[in-house]
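Below: the structure, in structure tokens.
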Amino acid sequence: MKTIVKIVAVTALMTPAVFAAGTTVCKGCHGANFEKKAMNVSKIVNEMSKEDIVTAIKGYKDGSYGGAMKGIMKGQVASLDDAAITAIADEILKK
């Protein structure tokens, strides 16, 4: 039950409009410098290459990437275009 509540809360807070404004919302789960495993299950994003980040985000968007919790990310990236995805990857790697 706790997991369901967390998923609903995170999803509600991470609307596409906020996500498109930058990576601030991402940091809630992935850490200020993208150094954490989100919900203790994801990869550590700042250890990924730009290509891997872009592939992951695009895969979340089309449903071809991620494990049991990929539904959370699918909702967050649904409205992102290729330029926004690349900008997010660049922002993450600036850290």
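The values are calculated or read from the model by the stated rules, or taken from the named source; none is laboratory data. Being a predicted model, the structure only gives us computed values, none of them experimental. As a convention, Cβ positions derive from the backbone with ideal geometry for all residues, glycine included, and neighbour counts pool all protein chains shown.
A few notes on this one:
- Criterion violated by Gly71 - all others in (1) closer than 16 Å to Val25 by Cα; (2) out of contact with any Pro (no Cβ under 7 Å at 6 or more places or on another chain) satisfied: (1)
- Extreme residue, modelled with the highest pLDDT, among residues of the range 20-61 that are among the hydrophobic types (A, V, I, L, M, F, W, C), surrounded by fewer than 17 Cβ atoms within 10 Å (Cβ to Cβ) and not in a helix (DSSP H, G or I): Ile44
- When residues in the range 49-75 are screened for being hydroxyl-bearing (Ser, Thr, Tyr) and touching a residue at least 12 places away in the same chain (Cβ under 8 Å), 1 of them pass.
- Boolean, Ser42 is within 13 Å of the chain's Cα centre (by Cα) and either closer than 19 Å to Ala32 by Cα or of a type outside the set (Asp, Glu) (or both): yes
- Residues of the range 66-84 that are closer than 23 Å to Lys94 by Cβ and within 13 Å of the chain's Cα centre (by Cα): Met73, Gln76, Val77, Ser79, Leu80, Ala84.
- Count of residues meeting criterion [more than 19 Å from Asn40 (Cα to Cα) and surrounded by 13 or more Cβ atoms within 10 Å (Cβ to Cβ)] in the range 76-89: 9
- Close pairs from the range 31-48: first aliphatic (A, V, I, L, M), partner buried (at least 17 other Cβ atoms within 10 Å of the Cβ), Cβ under 6 Å, at least 6 apart: Ala38/Cys29; Ala38/His30; Val45/His30; Val45/Phe34; Val45/Ile92
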